[in-house]
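Worksheet for the structure shown next.
The values are calculated or read from the model by the stated rules, or taken from the named source; none is laboratory data. A quick note: this is a predicted structure, and the numbers were derived from the prediction, not measured. In this analysis, Cβ positions are derived from the backbone assuming ideal geometry, glycine residues included, and neighbour counts consider all displayed protein chains. Ligands, DNA and RNA are stripped out before the accessible areas are found, and what is left, the full protein with its side chains, is counted by its heavy atoms. Shrake-Rupley method; radii C 1.70, N 1.55, O 1.52, S 1.80 Å.
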Amino acid sequence: MALVPFPGPLHQGAYGIAPEEPENDVEPSAEGQMSFLEHLDELRKRILRSCIAIALGVVATFWFIQPIFNFILAPTRRVLPPGVKLIYTQPGEAFSLYVTVALISGILVAAPFISYQVWMFIAPGLYANEKKMAYPFVALTTLGFALGAAFNHYIAFGFMMAFFASFNTTDLAFMPRLEDVFGLYTKMLLGLGIVFQLPTVVFFLAKMKLVTGRFLASNLKYAILVIFVAAAVITPSGDMMTQLVFAAPMLALYLVSILIAYAVNPRSRSNAEP
């Protein structure tokens, strides 16, 4: 018996049989069919827009450079021995640090826009339902970096400087150079800002069903090893205290990420069990 097509705009197949569509099908668009040169042009466009945003952030924050500079140096000044000040030994050292502070402040101000540009670059290769996560991606990455920066400023960096200042004695004078202090602060800021992206990464991987809470929990012992190795690699100095400052939040964030993965896919544990 021949099948006769249904007339009219029905949401079915040509012969009245609804075709099965994959849950995470990719939207048919020209963006997903870019050539290599088109990808390079898209990358250039996103980088150019990010640089413009950073430049605008630098101009905006330079008007408040002195309060920002004082804010950054506050943890160090709190732990300096009485009568000790930060010093600089090169003529242009202080001015160059002011410019660097303005640059970093501009990057922080433009961070949400930069995250959005990153997402727009990778979005054409994602499934249709995954493209809807652009705003959560921007919000969570920005929040993660802000939490990492706050942890560095109020806890980690102050703890490190207090540890280094504890060796000040009548024979040893703790007189840190301005450039060295700011360099350590910047490295720890960027490092902890990246470390605090771990829950965000796990959240989106769990959303895409690439990782589960069961998998993360069962590999905890290997994760601890990787965490301490990574802390040793990304730590800005070679001392054990700085390594612990990086490893401790990484371990805590990994445990939080296990809970996040379970919350995103609550049935993953039962589905994974035989």
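A few notes on this one:
- Remark: Pro112 falls outside the filter, which requires a residue to be touching an Asp or Glu at 6+ places or on another chain (Cβ under 8 Å) and part of a helix (DSSP H, G or I).
- Test: Arg44 is exposed (fewer than 11 other Cβ atoms within 10 Å of the Cβ) and either modelled with pLDDT under 80 or within 30 Å of Ala111 (Cβ to Cβ) (or both): yes
- Scanning the stretch 153-189 for residues that are in contact (Cβ under 8 Å) with a residue 60 or more places away in the chain, aromatic (Phe, Trp, Tyr) and open to solvent by 20 Å² or more (accessible area, probe 1.4 Å) returns Tyr154, Phe159, Phe163, Phe174.
- Residue selected from the stretch 204-237 under the condition under 30 Å from Tyr185 (Cβ atoms), of a type in the set (Gly, Ala, Ser) and modelled with pLDDT under 90, by the criterion most open to solvent (accessible area, probe 1.4 Å): Ala232
- Val201 open to solvent by 20 Å² or more (accessible area, probe 1.4 Å), of a type in the set (A, V, I, L, M, F, W, C) and either modelled with pLDDT of 85 or more or within 19 Å of Phe69 (Cα to Cα) (or both): yes
- Wholly enclosed helices (runs of 4 or more DSSP H) of the stretch 172-253 bearing at least 3 residues under 30 Å from Ala123 (Cα atoms), hydrophobic (A, V, I, L, M, F, W, C) and within 15 Å of the chain's Cα centre (by Cα): 178-195, 198-207
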